[in-house]
Amino acid sequence: MAAGPRGNPRRSAMTISRAEVITSVERRRRWSQDEKERLVAASLAPGASVSEVARLAGLHVSQLFRWRKELCRHGEASIAPFVPVE
């Protein structure tokens with residue numbers, strides 16, 4: 001058995017380990033419609049980085065892309081089509 005820095009075999013680099021203690025259950029975060037719209041609008045601003053907007057909000061970038069897709073599709077459905085005027 002290899003000895004550690006002070007000759008103690010229990011302190012060798014091979015036997016020291018770390019353990020992470022999880023004290024609470026992480027819950028899903030709920031986003032209001034207003035928060036989603038604000039973040040989507042920020043990501044659509046000229047020169048904005050979707051990744052940066054998501055990171056600053058503590059959100060995964062794929063979730064922000066999904067909201068963009070959903071909100072833009074919803075916005076298109078609510079726009080009345082043009083009708084020719086005679």
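Here, each number is a calculation from the coordinates, and none is a lab measurement. All figures in this text were calculated on a predicted structure; none of them were measured in a lab. When we count neighbours, we look across all protein chains shown, and the Cβ atoms used for this are built from the backbone with ideal geometry, even at glycine.
Between Glu35 and Gln63, the simple spin-label model (points 7 angstrom out along Cα→Cβ) gives 0.8 nm.
Note on segment 33-77: Kirkwood hydrodynamic radius from all Cα pairs is 10.4 Å, rounded to one decimal. Phi angles of segment 60-73 translate, via the Karplus equation with coefficients 6.51, -1.76, 1.60 and θ = phi - 60°, into HN-Hα couplings of 6, 4, 5, 5, 5, 5, 5, 4, 4, 4, 5, 6, 5, 5 Hz per residue; Gly and Pro are given as x.
The modelled label-to-label distance for the pair Leu56/Arg18, using points 7 Å beyond Cα in the direction of Cβ, is 3.0 nm.
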